[in-house]
Amino acid sequence: MVLSRTGTSSCQIIQPVMTYQARHEIRTHTYTQKTRGGEQNNKAEMSNLNGVVCVTGGSGCIGSWLVRFLLDRHYTVHATVKNLNDDKETEHLRALEGADTRLRLFQIDLLDYDSIVAAVSGCAGVFHLASPCTIDRVLDPLKELLDPAIKGTINVLTAAKAAGVRRVVVTSSASAIMPSPHWPADKVKSEDCWTDVESCKQKQVLVAAAACFRIFLHYLTLAEKAAWDFSKENGLDVVVVIPGTVMGPVIPPTLNSSMLTLVHLLRGSTETYKDIWMGSVHFKDVALAHILVYENPSASGRHVCVEAISHYGDFVAKVAELYPEYNVPRLPRDTQPGLLRTKDAGKKLMDLGLQFIPLEEIVKDSVESLKSKGFIS
């Protein structure tokens, strides 16, 4: 395998990394696209849509599924990684069907504008997923979190604008919606809700770990707002996907923070994630949501992407029901004070044709993936 620093790859296709067989693992990657003129199968328009796109953060858990689905739909993909020499970032991408002819890997640093320009060059669209994401304490929040998230987002958007891309899809987070203490108590969280940045700033005076956690909520919100400001000021077409806690079958050899949450739960953790849990969603649905809002000209604004707005206690109860052999603690159902439950939180995406995978399948696919990869026994 030869891979140049410029990102051009030539690789032999091998079997995909996922070898376990969870129920419904193979899912049809088509949806009914709703337009003003009625409904039509999305494949009818693919000849006009597939082309070259860039996926920042392409080696991550969500990014890998997005790259896979884009390749399935005959796009040529520029996927970015942090280190081209790290097999943990690249081998699972090289193994995807179509990667030998339609996947190019680029090493970028979100704070290095020129490296981003190389990845975005020649692309019709950009999916910006790359952003630091952690629930752990970090030593330097400004250097490790805020700068890559905010300045990195601006660098990607600036490069996209210069390259003449037609649309940028930005991945945000439920942490850009909550905590929001001033949101009406009788109103369900929606795309109109934003995390209260000032509240996060004030609570940073707490103990170090908690302060870092508040910074985590703070920077995700500021990064999305920076994207919207850039869009308005520069006339760049930006749409946003806001996933909840994203889980499911893992393609990379490493886990995202959401899957680590599940590992901790299966080992008996009683953490309730009071300030950030808004509901779970399958990796596949988040990837499909990105493609859907990119391909549909009528998609605009923010798009909440969760199977349902629910409490962490609901998720814990389902895990305990399906996997009684694990040390899952008993938690109260109402773990998110004031959070109103709803099954149609992702209505904007559902109106565009996305059908969310239900919670039971999310849990099963996630746990079976953890077992097959040796993260749990």
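Bear in mind these aren't lab numbers, they're just calculated from the coordinates by the rules spelled out. Remember, predicted model here, so these are calculated numbers, not experimental data. Virtual Cβ from ideal backbone geometry, glycine too; neighbours counted across all protein chains shown.
Pulled fully out, how much extra length does the chain show between Lys151 and Asp109, if you take 0.36 nm times their separation in residues and subtract their Cα-Cα distance?
Taking Lys151 through Asp109 to full extension adds about 14.0 nm, to one decimal.
Specify whether the C-alpha gyration tensor of region 40-372 places it in the rounded, prolate or oblate class, a ≥ b ≥ c being the square roots of the eigenvalues: rounded for a/c under 1.5, otherwise prolate if a/b is larger than b/c and oblate if not.
Cα axes put region 40-372 in the rounded bin.
Report the FRET efficiency, 1/(1 + (r/R0)^6), for Asn327 and Glu233, where r is their Cβ-Cβ distance and R0 is 35 Å, rounded to 0.05.
0.10
For a label point 7 angstrom out from the Cα of His264 toward its Cβ, which stretches of region 177-197 have the backbone nitrogen within less than 20 Å?
177-180
Just rank Leu236, Leu110, fewest to most, by other beta-carbon atoms within 10 angstrom.
Leu236, Leu110
Taking neighbour Cβ counts within 10 Å as the exposure measure, how do Tyr326, Tyr294 sort from fewest upward?
The order, fewest Cβ neighbours first, is Tyr326, Tyr294.
So which of Lys225/Lys347; Lys225/Lys318; Lys161/Lys274; Lys88/Lys318; Lys225/Lys274; Lys187/Lys348 end up more than 27 Å apart by C-alpha?
Lys225/Lys318; Lys161/Lys274; Lys88/Lys318
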